[in-house]
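Input: a single structure, listed below in structure tokens.
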């Protein structure tokens, strides 16, 4: 009989969604790495063979590094692979596991606060960068809406706050701002789950021990 508390069930479902979001972002980050490798190899060939460098490689690398780091960060936190010095915790866990668990939760709480603060601070920057494009509102400058979706989208993207060098490579800032805000928000949720539930995974199905799974404790000959 499943006696799981409704709040625990809701937390399990929420963490399941967060888990797949982290895995999906990690996959997108991995694809970004592959695209970056292709671009850098094209630049090497263009420089060595045609003596014509691929313009905008530096800007593409810088912008891609922002996306890669923050797209892969949530899954790193989820699988406990975030770089940190836990030698003291390892020693303390052997002698005083309860104290080590409390200290680990305190560290995760501080990490949750830091990630939530970053998400809170960068969200206005994302909204400002996105709203500068005027995708859905009449533009303050430039050509007005034409009614053609693709034309209006290109014109709006050209109005965005951009990263890069004019005439070489430019890209709207808001995707990077969105990656930073969303990534740190997901990391904050993951760290909060570690504070509340420890290192135990709560995104899997609840299991209950079946009487037949218990190990017999009585002696005796069990051979046929």
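What follows is calculated from the coordinates using simple rules that are stated; it is not laboratory data. Quantities reported herein were computed from a predicted structural model and do not represent experimental measurements. Backbone-built Cβ (ideal geometry, glycine too); neighbour counts: all protein chains shown.
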Given 50-59, 86-95, the highest-first ranking by average Cβ count within 10 Å works out to 50-59, 86-95
Anyone know which of 156, 116, 182 comes out most mobile in the 10 Å Cα GNM of the chain? 156
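For the stretch 86-199, what percent of Cα pairs sit more than 22 Å apart? Don't jump to the answer; show the numbers that get you there.
Working: 3524 of 6441 pairs.
Counting pairs separated by more than 22 Å, the tail of P(r) holds 55 percent.
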Could you work out the helix-only [θ] at 222 nm for the chain, with each DSSP H run of four or more residues adding -39,500 (n - 2.57) and the total divided by the number of residues, to the nearest 500 deg cm²/dmol? -23000 deg cm²/dmol
Sorted largest first, the Cα spans of the stretch 117-171 on the principal axes come out in Å as 40, 28, 18
Please give the Cα centre distance for the stretch 134-161 versus the stretch 7-28, rounded to the nearest Å. 35 Å
Most exposed first by the Cβ proxy, i.e. fewest other Cβ within 10 Å, how do 184, 146 rank? 146, 184
Length-normalised contact order for the chain - Cα pairs under 8 Å, 6+ apart - percent: 29 percent
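Under Stokes-Einstein, with the Kirkwood radius over Cα pairs standing in for Rh, what whole-number D in µm²/s applies to the stretch 3-59 at 37 °C and 0.692 mPa s?
224 µm²/s
Quick one: pull the percentage of alpha-carbon pairs in the stretch 13-153 with a separation above 27 Å.
Numbers: 5172 of 9870 pairs.
Counting pairs separated by more than 27 Å, the tail of P(r) holds 52 percent.
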